[in-house]
Amino acid sequence: MPSFYDLIIIGGGHNALVTAAYVARSGAKVLVLERREVLGGACVTEELWPGFKVSTAAYVNSLLRPEIIRDLELKRHGFKMLPRNPSSFTPFPDGRSLLLGPNKAQTHSEVAKFSASDADALPKYEKMLERVAAFLEPTLTQTPPNPWSFRPGNLLKLARLGLGFARLGADGQRAVEILTGAATPILDRWFESEQLKVTLATDAIIGAMASPSMPGTAYVLFHHVMGECEGIRGVWGYVRGGMGGISNAIAAAARERGAEIRTNSEVARILVKSGEAVGVVLKDGTELRARRVASGADAHVTFLKLLDVKVLPPEFLDAVRNIDYSSASLKINISLSELPDFKAMPGTEPGPQHRGTIHIAPTLEYIERAYDNVKYGCPSEYPIIEATIPSVLDDTLAPAGKHVMSMFTQYFPYKLAPGLSLQEEKEKYAERCFDLMNEYAPNFRRAVIGRQVLSPADLERRFALTGGNIMQGAMSLSSLSFMRPVPGYADYRTPIRGLYLCGAATHPGGGVMGACGYNAAREILRDMRARTPRKFPGSGTG
């Protein structure tokens, strides 16, 4: 006899685990099935070399929703943030450098080295972003309203959203530009120094197949003022024990509430009977039955790989096939015998230059030229690097005196130009990244003990992320809110009754915030209380 559950969740990423914890605490019988041997999806810690623990994919945190931390008592389950001060360090070829935040006086002094007017403008810029974020942030934990639905509850949601936008006043125009526009024009309007602009601009392109001059990149700019670390807004930090500390704490909370979690349990197929999800079949042939099924995988994997496409409406399938999974991010995980000795701020003892994100990109033109290569299927000749060394603040990650570094880089194509070998190109690209870092810190190469290079294709294979896209789909306006994952299906339900999405493929998208799983759990519990899956999926919620 097959086992029977109230809810089976496909995937053990942090969002899926959030869904499991919230649904299980209602008393429902919940099962989580994770394909790999370790939980967390892309929010994971792995020991790549003896004694060296690495956040293999996601590497810093701030956006994890405070209500999730509170409701699931994650701190009691071992979750601990380590605030970073300063937040970032950007060395430049002329030997100068820029340290930013969260110390306002220090930031003002640092920016003033390049421009006194920029030093005065930066707090005003951040205040503007905070006002826009105050409007957008509450929407992260709300099911998006459906603009095509005339149901009274849905119209009320739209009215409340419109009222909140109206209250922005003069900032409303700025909000629209941030949601739709390019980063470069905004930065050019506010600042004059190339050094400040390029430091801020790198945050607009991480994870995207885009340059700062392209529409949609401005949306990410306001993320650095969102979220919190130990109660301080806008501060990003490391997670003690690596990013897997988040997933492990959520998993512990889910188990405490009665959820069953299995690793090494790959789902091969979602079972559908008379248009309704009734369970799953594992790769080994094991059949598991459930009243409802939720998938933490992206839309491509869920609908085109785990389902027989014949059970889905043709127009829905077309929309899924057209989701943009473009990606050009390559991750390099590194073990080091000593810290980088930067020419701009010498020293191999832990210092401010080692604590935050290290930006390697001297000018905006440099970024644009790096993007030019990837447009034609070629890795960037001069990559952009965001590097972090969490072991400076977390002594659990590496042996005494040694360190781990994460390099999140742009741009390396998912599909290489004809004639190029993935293995050869990614190793040559990693060498270029190392050469570049060595220009700023001449001891870097000799300090490297080991490295792991993950191209977009590797990220796809390892984490089941289509196209290697770490956000489970592009984060442009056409793919956000009521358009995510596709128009008409932003309420976490799908055309299959009793089948839900709970991962980053849904609103509000990528980033380690847990909001997708939180929102999905709310809708699943709503249907459970109604005792039946909704009969008309895709028509919006009321």
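The values are calculated or read from the model by the stated rules, or taken from the named source; none is laboratory data. The structure displayed is predicted, hence computed values, not measured ones. Here the Cβ positions follow ideal geometry from the backbone for every residue, glycine too, while neighbour counts run over all protein chains shown. Ligands, DNA and RNA are stripped out before the accessible areas are found, and what is left, the full protein with its side chains, is counted by its heavy atoms. Shrake-Rupley method; radii C 1.70, N 1.55, O 1.52, S 1.80 Å.
Would you point out which residue out of LEU480, LEU465, LEU501 is crowded, with 18+ Cβ neighbours inside 10 Å, modelled with pLDDT of 95 or more and either on the phi > 0 side of the Ramachandran plot or touching a Leu at 6+ places or on another chain (Cβ under 9 Å) (or both)?
On the way: LEU480 fails: modelled with pLDDT of 95 or more; LEU501 fails: either on the phi > 0 side of the Ramachandran plot or touching a Leu at 6+ places or on another chain (Cβ under 9 Å) (or both).
So the residue among LEU480, LEU465, LEU501 that is crowded, with 18+ Cβ neighbours inside 10 Å, modelled with pLDDT of 95 or more and either on the phi > 0 side of the Ramachandran plot or touching a Leu at 6+ places or on another chain (Cβ under 9 Å) (or both) is LEU465.
Answer yes or no as to whether ALA319 is part of a loop (DSSP other than H, G, I, E, B) and open to solvent by less than 50 Å² (accessible area, probe 1.4 Å). Don't jump to the end; show me each part of the working.
Numbers: part of a loop (DSSP other than H, G, I, E, B): no; open to solvent by less than 50 Å² (accessible area, probe 1.4 Å): yes.
Considered against the rule, which asks whether it is part of a loop (DSSP other than H, G, I, E, B) and open to solvent by less than 50 Å² (accessible area, probe 1.4 Å), ALA319 comes out as no.
Of everything in segment 439-490, what is in a loop (DSSP other than H, G, I, E, B) and not hydrophobic (A, V, I, L, M, F, W, C)? Give them in sequence order. Don't jump to the end; show me each part of the working.
Here is the first cut: in segment 439-490, the ones in a loop (DSSP other than H, G, I, E, B) are 441-443, 455, 464-465, 469-476, 480, 484-490.
PRO442, ASN443, SER455, ASN469, GLN472, GLY473, SER476, ARG484, PRO485, PRO487, GLY488, TYR489, listed by residue number.
Could you say whether any residue in segment 203-214 is in a helix (DSSP H, G or I) and either within 30 Å of PHE412 (Cβ to Cβ) or at pLDDT 80 or above (or both)? Step through it out loud before you land on a result.
Let us first name the residues in segment 203-214 that are in a helix (DSSP H, G or I), namely 203-204.
Checking the rest, the ones that are also either within 30 Å of PHE412 (Cβ to Cβ) or at pLDDT 80 or above (or both) come to 203-204.
The answer is yes, given that some residue of segment 203-214 is in a helix (DSSP H, G or I) and either within 30 Å of PHE412 (Cβ to Cβ) or at pLDDT 80 or above (or both).
Has segment 259-275 got any residue that is over 28 Å from the mean Cα position of the chain (by Cα), small (Gly, Ala, Ser) and in a loop (DSSP other than H, G, I, E, B)?
Kept after step one, since they are over 28 Å from the mean Cα position of the chain (by Cα), are these residues of segment 259-275: 271-275.
When the remaining residues are screened for being small (Gly, Ala, Ser), the result is 274-275.
Retained after the next criterion (residues that are in a loop (DSSP other than H, G, I, E, B)): 274-275.
Yes, segment 259-275 has at least one match.
Among the residues of segment 367-379, are any of a type in the set (Lys, Arg), free of Cβ contacts under 8 Å to residues at least 40 places away in the same chain and either part of a helix (DSSP H, G or I) or touching an Asp or Glu at 6+ places or on another chain (Cβ under 8 Å) (or both)? Step through it out loud before you land on a result.
First, the residues of segment 367-379 that are of a type in the set (Lys, Arg): 369, 375.
Now restrict to residues that are free of Cβ contacts under 8 Å to residues at least 40 places away in the same chain: 369, 375.
Remaining after also requiring either part of a helix (DSSP H, G or I) or touching an Asp or Glu at 6+ places or on another chain (Cβ under 8 Å) (or both): 369, 375.
Within segment 367-379 (the criterion being of a type in the set (Lys, Arg), free of Cβ contacts under 8 Å to residues at least 40 places away in the same chain and either part of a helix (DSSP H, G or I) or touching an Asp or Glu at 6+ places or on another chain (Cβ under 8 Å) (or both)), the answer is yes, since at least one residue qualifies.
Please go through segment 14-32 and pick out each residue that is buried (at least 24 other Cβ atoms within 10 Å of the Cβ) and either at positive phi or in contact with a Gly (Cβ under 9 Å, 6 or more places away or on another chain) (or both).
Residues satisfying the conditions are HIS14, ASN15, ALA16, LEU17, VAL18, THR19, ALA20, ALA21, TYR22, ALA24, VAL30, VAL32.
Which of the residues that make up segment 271-290 are open to solvent by 10 Å² or more (accessible area, probe 1.4 Å) and either closer than 13 Å to ILE496 by Cβ or among the acidic types (Asp, Glu) (or both)?
If the condition is that a residue be open to solvent by 10 Å² or more (accessible area, probe 1.4 Å) and either closer than 13 Å to ILE496 by Cβ or among the acidic types (Asp, Glu) (or both), then LEU271, VAL272, LYS273, SER274, GLY275, GLU276, VAL278, ASP284, GLU287 are the ones that fit.
Can you name the strands (runs of 3 or more DSSP E) wholly within segment 36-116 that have at least 1 residues being over 19 Å from the mean Cα position of the chain (by Cα)? Spell out how you get there, then give the answer.
Details: elements: 45-49, 52-55, 81-83, 88-91, 97-100.
Once the strands (runs of 3 or more DSSP E) in segment 36-116 are filtered for at least 1 residues that are over 19 Å from the mean Cα position of the chain (by Cα), what remains is 45-49, 52-55, 88-91, 97-100.
Could you pull out the residue among ASP341, ASP298 that is open to solvent by 30 Å² or more (accessible area, probe 1.4 Å) and among the acidic types (Asp, Glu)? Outline the logic, then answer.
Details: ASP298 fails: open to solvent by 30 Å² or more (accessible area, probe 1.4 Å).
After applying the criteria, what remains is ASP341.
Give me the residue from segment 44-61 that is touching a Lys or Arg at 6+ places or on another chain (Cβ under 9 Å) and open to solvent by less than 20 Å² (accessible area, probe 1.4 Å) and, out of that set, farthest from LEU136 (Cα to Cα).
PHE52
Check segment 350-358 and report whether any residue there is aliphatic (A, V, I, L, M), farther than 25 Å from VAL448 by Cα and out of contact with any Lys or Arg (no Cβ under 6 Å at 6 or more places or on another chain). If you could, list the steps in order and put the result at the bottom.
At the first step, the residues of segment 350-358 found to be aliphatic (A, V, I, L, M) are 358.
Of the ones still in play, those that are also farther than 25 Å from VAL448 by Cα are none.
Looking for residues that are aliphatic (A, V, I, L, M), farther than 25 Å from VAL448 by Cα and out of contact with any Lys or Arg (no Cβ under 6 Å at 6 or more places or on another chain), one finds none in segment 350-358, hence no.
Results for (1) open to solvent by less than 60 Å² (accessible area, probe 1.4 Å); (2) hydroxyl-bearing (Ser, Thr, Tyr), shown as yes or no for each residue.
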{"residue": "TYR125", "(1), (2)": "yes, yes"}
{"residue": "MET128", "(1), (2)": "yes, no"}
{"residue": "ARG131", "(1), (2)": "no, no"}
{"residue": "THR141", "(1), (2)": "yes, yes"}
{"residue": "SER149", "(1), (2)": "yes, yes"}
{"residue": "ARG174", "(1), (2)": "no, no"}
{"residue": "ALA183", "(1), (2)": "yes, no"}
{"residue": "GLU192", "(1), (2)": "no, no"}
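Test GLY258 against the stated conditions and say whether it is on the phi > 0 side of the Ramachandran plot and at pLDDT 95 or above.
Values: on the phi > 0 side of the Ramachandran plot: yes; at pLDDT 95 or above: yes.
Answer is yes for this residue.
Just to verify a result, which residue in segment 76-118, among those that are in contact (Cβ under 8 Å) with a residue 12 or more places away in the chain and among the charged types (D, E, K, R), is farthest from ASN438 (Cα to Cα)?
Restricting attention to segment 76-118, the residues satisfying the condition of being in contact (Cβ under 8 Å) with a residue 12 or more places away in the chain are 77-93, 95-104, 106-108, 110-111, 113-115, 117-118.
In the following step, the residues that additionally are among the charged types (D, E, K, R) were identified as 80, 84, 96, 104, 110, 113, 118.
Numbers: LYS80: 33, ARG84: 24, ARG96: 16, LYS104: 30, GLU110: 24, LYS113: 25, ASP118: 30 Å.
Among those that are in contact (Cβ under 8 Å) with a residue 12 or more places away in the chain and among the charged types (D, E, K, R), it is LYS80.
Answer yes or no as to whether ALA252 is outside any strand (DSSP E or B), open to solvent by 10 Å² or more (accessible area, probe 1.4 Å) and modelled with pLDDT of 95 or more. I'd like the intermediate steps shown before the answer.
Numbers: outside any strand (DSSP E or B): yes; open to solvent by 10 Å² or more (accessible area, probe 1.4 Å): yes; modelled with pLDDT of 95 or more: yes.
Yes: the conditions hold for ALA252.
Which members of segment 385-411 meet the condition of being closer than 12 Å to GLU338 by Cβ and open to solvent by less than 10 Å² (accessible area, probe 1.4 Å)?
Residues satisfying the conditions are ILE389, MET405.
Among the residues of segment 514-524, is any assigned to a loop (DSSP other than H, G, I, E, B), within 18 Å of the chain's Cα centre (by Cα), surrounded by fewer than 22 Cβ atoms within 10 Å (Cβ to Cβ) and not hydrophobic (A, V, I, L, M, F, W, C)? It would help to see each step written out before you state the result.
Our first condition is that a residue be assigned to a loop (DSSP other than H, G, I, E, B); within segment 514-524, this holds for 514.
Narrowing further to those that are within 18 Å of the chain's Cα centre (by Cα): 514.
Subsequent filtering for residues that are surrounded by fewer than 22 Cβ atoms within 10 Å (Cβ to Cβ) retains none.
No, every residue in segment 514-524 fails to be assigned to a loop (DSSP other than H, G, I, E, B), within 18 Å of the chain's Cα centre (by Cα), surrounded by fewer than 22 Cβ atoms within 10 Å (Cβ to Cβ) and not hydrophobic (A, V, I, L, M, F, W, C).
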